[in-house]
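This report concerns only the one structure given below.
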Amino acid sequence: MKSDLVVIGAGIAGLVAANRAAELGLRVVVLEKGTEDRYLCNSRYTGGACHIGIRSLTRPVEEVMDTIRSETDGFVEDALVTMLATEAPRAVDWLRRQGIRFMKAGPRDWQDTVLAPPALPQPGLNWEGRGGDTLLRTLGAALEKRGGSIHRGVRARELMMEDGRCVGLRAERNGETLMIEARGVVIADGGFQGDPELVRAHVSPVPEAVRQRGAGTGGGDGLRMAAAAGAA
């Protein structure tokens, strides 16, 4: 298979990257290891509130930048602070243009950009038809209209490197090896919260004691592939 861009993971990060690339004229392939039509991922479970530091992301840019610096004790580099403060509102506007609906879900300012329909305020996994579920289905349909494709049941395994440059990846589907040539690869596979050993190495010496909010589907494949290719 050949493509301009391969995206690993069909959550919000992967589908936003894929749609934007397709919007700019690239041929895009998205790989999702989940097999179901409504595959589980962190984005499917989201409460849907878009904010920065529990404050509205639509405040004046300087205020948002001050929030990031104060909430992180100055840890974040200035270039990233500026990018987050200026690009976050633009990202929300772009999502609206894709048909994603937002609503004001409460009196606090950080509740002014919440995915609709909002998450239900009750215990349990009540995600079907809620904001995250609707967002993924909307972005998936938009990508297909733009000529992109989502391949479910495919697990990315290894980046293909040539003279220090990524030229595609190797993946698996039902025991079959797939080789996908591409000009670029975006890794958006949900992290590593589903792998106890990686959690032990990077987060906590007792991963079994960590309560998780996500779907637990991030198995660290992207982290391992990037490290094997030489990423810091």
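Beta carbons closer than 6 Å, at least 6 apart along the sequence or on distinct chains, pair a first residue in region 113-134 that is basic (Lys, Arg) with a second that is buried (at least 18 other Cβ atoms within 10 Å of the Cβ) and at pLDDT below 95 for ARG130/ALA119.
Considering each of VAL210, VAL206, VAL199 in turn, give the residue that is touching a Lys or Arg at 6+ places or on another chain (Cβ under 9 Å) and more than 19 Å from ALA13 (Cβ to Cβ). Don't jump to the end; show me each part of the working.
Details: VAL210 fails: touching a Lys or Arg at 6+ places or on another chain (Cβ under 9 Å); VAL199 fails: touching a Lys or Arg at 6+ places or on another chain (Cβ under 9 Å).
Of VAL210, VAL206, VAL199, the one residue that is touching a Lys or Arg at 6+ places or on another chain (Cβ under 9 Å) and more than 19 Å from ALA13 (Cβ to Cβ) is VAL206.
Return yes when THR86 is touching a residue at least 24 places away in the same chain (Cβ under 8 Å) and over 28 Å from GLY129 (Cα atoms) and no when it is not. It would help to see each step written out before you state the result.
Working: touching a residue at least 24 places away in the same chain (Cβ under 8 Å): yes; over 28 Å from GLY129 (Cα atoms): yes.
Spelling it out, THR86 is indeed touching a residue at least 24 places away in the same chain (Cβ under 8 Å) and over 28 Å from GLY129 (Cα atoms).
The one condition from (1) among the hydrophobic types (A, V, I, L, M, F, W, C); (2) in contact with a Leu (Cβ under 9 Å, 6 or more places away or on another chain); (3) without any contact (Cβ under 8 Å) to a residue 60 or more places away in the chain that ALA228 does not meet is (3). Which of the residues belonging to region 15-61 are open to solvent by 60 Å² or more (accessible area, probe 1.4 Å) and aromatic (Phe, Trp, Tyr)? Answer for region 15-61, where residues must be open to solvent by 60 Å² or more (accessible area, probe 1.4 Å) and aromatic (Phe, Trp, Tyr): there is none. Scan region 214-228 for residues that are crowded, with 17+ Cβ neighbours inside 10 Å, part of a loop (DSSP other than H, G, I, E, B) and not β-branched (Val, Ile, Thr) and the total you get is 5. Taking region 1-72 and the helices (runs of 4 or more DSSP H) fully enclosed by it, the elements with 3 or more residues that are within 20 Å of LEU159 (Cα to Cα) are at 12-23.
The values are calculated or read from the model by the stated rules, or taken from the named source; none is laboratory data. The structure displayed is predicted, hence computed values, not measured ones. Neighbour counts are summed over all protein chains in view; Cβ atoms, including those assigned to glycine, are modelled from backbone coordinates with ideal geometry. To get the accessible areas, we keep the full protein, side chains included, count just its heavy atoms, and leave off ligands, DNA and RNA. Shrake-Rupley method; radii C 1.70, N 1.55, O 1.52, S 1.80 Å.
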